[in-house]
Amino acid sequence: MKSQTKYITAFLLAFIMGVSSAYAQQKPLQYFRAPGQAGLNVFETPKTTDVEFDGLYVRVGGDFALQFQGISQDNADNSLLVNELANNFNLPTANLNLDVQLEDGLRMHLRTYLSSRHHAEAYVKGGYMQIDKLDFISEGFAEDLMDVLTIRVGMDQYNYGDTHFRRSDNAAAIYNPFVGNYLMDSFSTEPFIEFTYQNNGIIGVIGATNGRLNQSPVDGDNGFVTFGKLGYDKQMSDDLRFRLTGSFYNSTDKGTRDYLYGGDRAGSRYYAILSGGDFEGRFNPRFSSQSAFQINPFVKFQGLEFFGVYEMASNNGTGGGSFSQIGAEVLYRFGSAEDFYIGGRYNTVTGESADNAPTQTVDRINVGAGWFLTSNVLTKLEYVSQSYSDDGWNTTVYEDAEFSGIMLEAVISF
């Protein structure tokens, strides 16, 4: 273990100087979530900015992530022990990010996965255009409205729930205090348009997508999805911030092949576990159309943080079935600039795939710590334990299955 830790330390040192130099040359963008420590606990991009438009500007950024994995696993018939896991490095992942300030209050984002688990080739993950002013039409056009309204349109992640603000997006893992994402991981890249209202702490979102991960104009796949959010986010005092949001999602039954919980093509962060599939460790209800809602409280008091999840997904098609998700994170950030943190996360999913189907339950516990070596370089150490229970897993590889062990992750974002 000590020798493997030395390799990760060398990996970090090799990037720190280059990353710091590149980041120092970057100009700030308007209405933008900064990569790195400055972007922690930023949800919707703020409606205020002190950045003046100074002509077209292209910001080139990147994300890099590497894990050392030490996990063991077992199940009811010991079949998981046939291919015993080894303690070793996972495949490194990398993103290329282009953020372009096109005009005053008009910005474009594009992310390319240079290296990801599920695809060997580089490919465009998605992108969007964000509009916070309409001065490109006419100076001061609809100024009062745009002081509180943001418009996003593109082929990317839409704003359902708050968990996607704290998840790892392939190599962009610096906002996630742990290594894995939530079990029911609401994330997909689809054509969407959304309108976000922010005023004096009140948040409102309404939007639509076609529910498709892979696009095709073929007749018979004419699904439609509506989603939205209502919430309140306020810095109550210098020490206390409070946020509470509720989100909804509803897809029609017209062949949408719903991807809400299966749209991340980068794969799971726990490699080669269970059946060995790229997405093992997550849970996808696999409803072809569904209704879902997610409630997310967030409280930060000085260095202490709490983030919670309650979510329900129900089948809109024949046969019924529903699953619920509960998650809770408690973190304590400390140090002069809160460069260190310790914390834990509990996450569970339970439900039935159809009205008369047996119950399936998945439980996960993460306990870990992190250190921001610089504002753009993070190391994480966590212990993870995940188990499968109830009759819905019987006669499968998941019957009484469990895996647990240590994960060490190095992350760079700039």
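The values are calculated or read from the model by the stated rules, or taken from the named source; none is laboratory data. Quick caveat: nothing in here was measured; it's all calculated off a predicted structure. Heads up, the Cβs are rebuilt from the backbone with ideal geometry, glycines too, and the neighbour counts pull from every protein chain shown. Just so you know, the surface numbers come from the protein's heavy atoms only, side chains and all, with ligands and any DNA or RNA stripped out. Shrake-Rupley method; radii C 1.70, N 1.55, O 1.52, S 1.80 Å.
A few points about this structure:
- Residue check, ASN376 within 30 Å of SER251 (Cβ to Cβ) and surrounded by 15 or more Cβ atoms within 10 Å (Cβ to Cβ): no
- Of all residues in the stretch 56-74, those that are within 23 Å of TYR398 (Cβ to Cβ) and among the hydrophobic types (A, V, I, L, M, F, W, C) have Cβ atoms under 6 Å from Cβ atoms of residues that are crowded, with 19+ Cβ neighbours inside 10 Å and modelled with pLDDT of 95 or more, 6 or more apart or on another chain, in ILE71/PHE403.
- Residue count for the stretch 178-191, restricted to those that are open to solvent by 10 Å² or more (accessible area, probe 1.4 Å) and over 10 Å from the mean Cα position of the chain (by Cα): 1
- So SER336, is it buried (at least 19 other Cβ atoms within 10 Å of the Cβ), modelled with pLDDT under 95 and out of contact with any helix residue (DSSP H, G or I) (no Cβ under 8 Å at 6 or more places or on another chain): no
- Filter result (in a loop (DSSP other than H, G, I, E, B), surrounded by fewer than 22 Cβ atoms within 10 Å (Cβ to Cβ) and either within 22 Å of the chain's Cα centre (by Cα) or of a type outside the set (Ser, Thr, Tyr) (or both)) within the stretch 379-414: ASP390, ASN394, VAL397, GLU399, ASP400
- Pick from the stretch 119-147, criterion open to solvent by less than 30 Å² (accessible area, probe 1.4 Å) and not in a strand (DSSP E or B), ranking: nearest to THR49 (Cα to Cα): ASP132
- Checked against (1) over 28 Å from GLN294 (Cβ atoms); (2) surrounded by 16 or more Cβ atoms within 10 Å (Cβ to Cβ), TYR113 passes all but a single condition, namely (1).
- Matching option when the condition is farther than 30 Å from ILE342 by Cβ and touching a helix residue (DSSP H, G or I) at 6+ places or on another chain (Cβ under 7 Å), among ASP132, ASP219, ASP144: ASP132
- Under the condition of being open to solvent by 20 Å² or more (accessible area, probe 1.4 Å), not hydrophobic (A, V, I, L, M, F, W, C) and not in a loop (DSSP other than H, G, I, E, B), the residues counted in the stretch 31-69 number 2.
- In the set TYR398, TYR341, only one residue is modelled with pLDDT of 95 or more, farther than 23 Å from GLU305 by Cα and of a type in the set (Ser, Thr, Tyr); that residue is TYR398.
- Among the residues of the stretch 356-373, those that are part of a loop (DSSP other than H, G, I, E, B) and either crowded, with 21+ Cβ neighbours inside 10 Å or at pLDDT 95 or above (or both) comprise ALA357, PRO358, THR359.
- Filter result (touching a strand residue (DSSP E or B) at 6+ places or on another chain (Cβ under 7 Å) and either acidic (Asp, Glu) or crowded, with 16+ Cβ neighbours inside 10 Å (or both)) within the stretch 74-91: ASP74, LEU80, LEU85, ASN90
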